[in-house]
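Take a look at the structure below.
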Amino acid sequence: MILENTDDIVVKRSDYKRIVQLIMSSSLDVRDSLENEMARALVYNDEVYPKDAVCIGSIVEFVDLTTKEEGRITIVLPSEANVKEMKVSVLSPLGAALIGLKKGKTINWVMPGARVTELKVNNVIHPDEEVR
């Protein structure tokens with residue numbers, strides 16, 4: 001099931017290249033949905049990427065508006081995923097839903113078990129930029 005989402009999503013050029021490569025080598029259920037999201041994404045050069053948008057490496061504070069549950073995760077490449085550390089792969093249903101969203105934006109997404117949910121990004125933190 002593919003949902004129609006109309007809010008723009010934005011992706012760093014470097015993330016876009018990595019995600020497209022991952023999509024091509026993946027057979028996961030989320031592949032088609034993520035491919036559709038990348039097809040409609042606005043691709044930005046890394047140095048001008050909006051600071052309030054989710055990218056690989058971002059810490060994302062979000063709420064599931066359907067269940068009212070809040071969460072805080074880091075979006076990572078599949079090889080870095082670690083449930084105990086709340087590091088979620090960009091190829092997971094949650095990671096694929098949140099990548100490219102800006103703070104305050106929502107997306108309707110199909111989660112495991114065919115459960116449709118609406119996710120809202122409350123905050124985006126880029127740890128690599130805080131060190132500077």
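Would you point out the residue of region 98-130, among those that are touching a strand residue (DSSP E or B) at 6+ places or on another chain (Cβ under 8 Å) and without any contact (Cβ under 8 Å) to a residue 60 or more places away in the chain, that is farthest from D8 (Cα to Cα)?
M111
For region 24-37: of the residues being hydrophobic (A, V, I, L, M, F, W, C) and surrounded by 19 or more Cβ atoms within 10 Å (Cβ to Cβ), which is nearest to A97 (Cα to Cα)?
L34
Looking only at region 70-115, which residues are over 19 Å from E37 (Cα atoms) and either aromatic (F, W, Y) or modelled with pLDDT under 95 (or both)?
Once the filter is applied, which keeps residues that are over 19 Å from E37 (Cα atoms) and either aromatic (F, W, Y) or modelled with pLDDT under 95 (or both), region 70-115 yields S79, V83, G113.
Give me the pairs: first residue in region 67-79 and within 15 Å of N123 (Cα to Cα) and surrounded by 11 or more Cβ atoms within 10 Å (Cβ to Cβ), second residue at pLDDT 95 or above and aromatic (F, W, Y), beta-carbon distance under 8 Å, and six or more apart or on different chains, which are they?
What qualifies is E70/F62; G71/F62; R72/F62; I73/F62.
Looking at region 2-20, which of the residues that are part of a loop (DSSP other than H, G, I, E, B) and out of contact with any Ser or Thr (no Cβ under 9 Å at 6 or more places or on another chain) is modelled with the lowest pLDDT?
The qualifying residue modelled with the lowest pLDDT is E4.
Look through region 44-66, keep the residues that are loosely packed, with under 15 Cβ neighbours inside 10 Å and hydrophobic (A, V, I, L, M, F, W, C), and return whichever of them is farthest from the chain's Cα centre (by Cα).
That would be V48.
Against the condition in contact with a Leu (Cβ under 8 Å, 6 or more places away or on another chain), touching a residue at least 40 places away in the same chain (Cβ under 8 Å) and not polar (S, T, N, Q), how does D64 come out, does it pass?
In short, yes.
Exactly one condition in (1) at pLDDT 95 or above; (2) part of a strand (DSSP E or B); (3) of a type outside the set (G, A, S) is false for I56; which is it?
(2)
The values are calculated or read from the model by the stated rules, or taken from the named source; none is laboratory data. Values in this document were obtained by computation on a predicted structure and should not be read as measured data. Backbone-built Cβ (ideal geometry, glycine too); neighbour counts: all protein chains shown.
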